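The values are calculated or read from the model by the stated rules, or taken from the named source; none is laboratory data. On a predicted model such as this, the values are computed, not experimentally measured, just so you know. All Cβ positions, even for glycine, are placed from backbone atoms using ideal geometry, and neighbour counts span all protein chains on display. Side chains included, ligands, DNA and RNA excluded: accessible areas come from the protein's heavy atoms. Shrake-Rupley method; radii C 1.70, N 1.55, O 1.52, S 1.80 Å.
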Amino acid sequence: MSTLNRRSLILGAAGLAALAMPGRVWAQATATGPHTLPALPYAFNANEAAIDAMTMELHHGRHHAAQVAGLNAALNGQPALAGLPLDELLMNLTRAPEAIRTAVRNNAGGHANHSMFWTIMGGPGGAPTGEVAEAITRDLGGFDKFKTDFNAAGGRVFGSGWVFVTVTNSGQLAITTKPGQDNPMMDGVRVLMGNDVWEHAYYLRYQNRRADYLNSWWNVLNWTAINERYAAARAGTLRI
Ligand code: MN
């Protein structure tokens, strides 16, 4: 590792430590590369109906931030890859040299997964609305069956991973799971919504009770935001 790389990693770690201090800017930890940590679109306690504020702060400010920093570090000295938007990077992982491919896969996947995850929460939960509600009825057997099947799929993920709803350009929905920080875009498929079933997502409040976390999570969904993602998917403008 070059001195410059080592220095940027050290600065990144210092930036992460600063995240715990009030008034600091998240982007300080990720200022050394093309990818940046998106700000949470709500306060840490906005998801208290399912997720405690401390978990939100650590999950965003440490876990997600570390993946952004790790992605930027992996892309150091790779201008062609560094110039790709995140979704194109995920759809073309074989372009990454073998020496960095696993680091790019894990960190780019994590960056995309968490960036999506924050935007679909912060809402009042309840039943789906709009065109997404119709698609859930058409493709997933209605909201009750969808919740049951989605939670069961999330419960079956062994160890760390995600449960997703994928969406095609024509608006077709399907439930799928991925291990680690993999993302359906690695298979060329866009994500409508998804839940993080890594223990860091729920352990402080739920400990080993993943099923309770999966059940509570619906209480903080933002169906307006999910409908916006659905419309974007059908318009061909959905990115992450
Ligand atoms: Mn996570």
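Would you check if there is a residue in region 190-200 being over 18 Å from N215 (Cα atoms) and not β-branched (V, I, T)?
Narrowing region 190-200 to residues over 18 Å from N215 (Cα atoms): 190-192.
Okay, now just the ones that are also not β-branched (V, I, T), so 190, 192.
The answer is yes; a qualifying residue exists.
Could you check, for region 47-70, whether at least one of its residues is touching a His at 6+ places or on another chain (Cβ under 8 Å), farther than 29 Å from P124 by Cβ, among the polar types (S, T, N, Q) and open to solvent by less than 40 Å² (accessible area, probe 1.4 Å)? There is no residue in region 47-70 that is touching a His at 6+ places or on another chain (Cβ under 8 Å), farther than 29 Å from P124 by Cβ, among the polar types (S, T, N, Q) and open to solvent by less than 40 Å² (accessible area, probe 1.4 Å). Among residues of region 140-163 being crowded, with 21+ Cβ neighbours inside 10 Å and of a type in the set (A, V, I, L, M, F, W, C), the one that is farthest from T129 (Cα to Cα) is W162. For region 169-184, filtered to residues that are within 16 Å of the ligand (Cβ to nearest atom) and in a strand (DSSP E or B), the residue that is surrounded by the fewest Cβ atoms within 10 Å (Cβ to Cβ) is P179. Does any residue of region 141-151 turn out to be touching a Lys or Arg at 6+ places or on another chain (Cβ under 9 Å) and closer than 21 Å to M186 by Cα? Checked against the condition, which is being touching a Lys or Arg at 6+ places or on another chain (Cβ under 9 Å) and closer than 21 Å to M186 by Cα, region 141-151 yields no hits at all.
Evaluating T166 against the criteria (1) part of a strand (DSSP E or B); (2) surrounded by fewer than 17 Cβ atoms within 10 Å (Cβ to Cβ) leaves one unmet condition, (2). Taking region 66-137 as the region of interest, the helices (runs of 4 or more DSSP H) fully inside it that hold 2 or more residues being in contact (Cβ under 8 Å) with a residue 24 or more places away in the chain are 86-91, 98-119.
Condition check for N195 on (1) touching a Leu at 6+ places or on another chain (Cβ under 6 Å); (2) open to solvent by less than 20 Å² (accessible area, probe 1.4 Å); (3) under 21 Å from H111 (Cα atoms): one failure, at (1). Sub-7 Å Cβ pairs linking a first residue in region 222-236 that is surrounded by 17 or more Cβ atoms within 10 Å (Cβ to Cβ) to a second residue that is among the charged types (D, E, K, R) and at pLDDT 95 or above, at least 6 apart or interchain, are N227/E131; Y230/E131; A233/R190, ordered by first then second residue.
Going through A50, A82 one at a time, which residue ends up being within 18 Å of the chain's Cα centre (by Cα) and either within 16 Å of the ligand (Cβ to nearest atom) or of a type outside the set (S, T, Y) (or both)? Reasoning before the result, please.
Details: A82 fails: within 18 Å of the chain's Cα centre (by Cα).
Step by step, each of A50, A82 is checked, and only A50 is within 18 Å of the chain's Cα centre (by Cα) and either within 16 Å of the ligand (Cβ to nearest atom) or of a type outside the set (S, T, Y) (or both).
One line per residue, one yes/no per condition, for (1) away from the ligand (no atom under 16 Å from the Cβ); (2) touching a residue at least 24 places away in the same chain (Cβ under 8 Å); (3) over 16 Å from the mean Cα position of the chain (by Cα):
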residue	(1), (2), (3)
V189	yes, no, no
Y206	no, no, yes
N215	yes, yes, yes
V220	no, yes, no
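I'm trying to understand the selection: among the residues of region 130-142, which are hydrophobic (A, V, I, L, M, F, W, C) and either more than 16 Å from V163 (Cβ to Cβ) or modelled with pLDDT under 95 (or both)? Answer for region 130-142, where residues must be hydrophobic (A, V, I, L, M, F, W, C) and either more than 16 Å from V163 (Cβ to Cβ) or modelled with pLDDT under 95 (or both): V132, A133, A135. Scanning region 185-206 for residues that are of a type in the set (D, E, K, R) and part of a helix (DSSP H, G or I) gives D187, E199, R205.
State yes or no: is G110 at pLDDT 95 or above, in contact with a His (Cβ under 8 Å, 6 or more places away or on another chain) and within 16 Å of the ligand (Cβ to nearest atom)?
Values: at pLDDT 95 or above: yes; in contact with a His (Cβ under 8 Å, 6 or more places away or on another chain): yes; within 16 Å of the ligand (Cβ to nearest atom): yes.
The answer is yes for G110.
From the list G141, G130, G125, the lone residue that is touching a strand residue (DSSP E or B) at 6+ places or on another chain (Cβ under 9 Å), more than 16 Å from the ligand (Cβ to nearest atom) and at positive phi is G125. In region 216-238, what residues are touching a Lys or Arg at 6+ places or on another chain (Cβ under 8 Å) and not aliphatic (A, V, I, L, M)? Of everything in region 216-238, just one residue is touching a Lys or Arg at 6+ places or on another chain (Cβ under 8 Å) and not aliphatic (A, V, I, L, M), namely W218.
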